[in-house]
1. Does the range 22-75 come out rounded, prolate or oblate, given a ≥ b ≥ c as the square roots of the eigenvalues of its C-alpha gyration tensor, rounded meaning a/c under 1.5 and, failing that, prolate meaning a/b above b/c?
2. For Ile42, what is the net charge nearby, where nearby means another residue's Cβ is under 15 Å from its Cβ and Lys, Arg count +1, Asp, Glu -1?
3. Could you compute the net charge surrounding Tyr56? Neighbours are other residues with a C-beta less than 14 Å from the C-beta of Tyr56; K and R count +1, D and E count -1.
4. With a 10 Å radius around each residue's Cβ, average the other Cβ atoms per peptide and rank 76-88, 31-43, highest first.
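Rule-based calculations on the coordinates, nothing more; no lab input. All of these numbers come straight from a predicted model, not from anything done at the bench. So basically every Cβ, Gly included, is an ideal-geometry build from the backbone, and we count neighbours across all protein chains shown.
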Amino acid sequence: MENVVLCYQLDAAMNENQIVSDRLIPFKVVSQITGIKSVNTIKAKEACGEFPMRRYLSIKCVRWSEREVLAYLDQLPRSFKEYKQRHDGGQAAA
């Protein structure tokens, strides 16, 4: 258990309990973190550069960087209004 230690940095400039270390996580954990239930959805997002690329540990074993997955979540829009502003410049359809 002591080998599996997450490092936490408590700094006024950073959020409390922000993960500082990085680890490679399987699809099951990626799914739990993001809510994305389909590997095909992740593949499509990877292909167009919207999601962090997987790392191949062997032919049948892939993992994602936890830090990159969390960064992906941080860059997502927080509201529908923000989503609309990003995708159509904030202009309403006529």
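1. Working: a/c = 1.38, a/b = 1.16, b/c = 1.19.
Rounded shape, in that the Cα axes give a/c under 1.5.
2. On the way: positive: Lys28, Lys37, Lys43, Lys45, Arg54, Arg55, Arg63; negative: Glu46, Glu50, Glu66, Glu68.
In short, +3.
3. Working: positive: Lys43, Arg54, Arg55, Lys60, Arg63; negative: Glu46.
The answer is +4.
4. Numbers: 76-88: 10.7, 31-43: 13.3.
Highest to lowest by the protection proxy: 31-43, 76-88.
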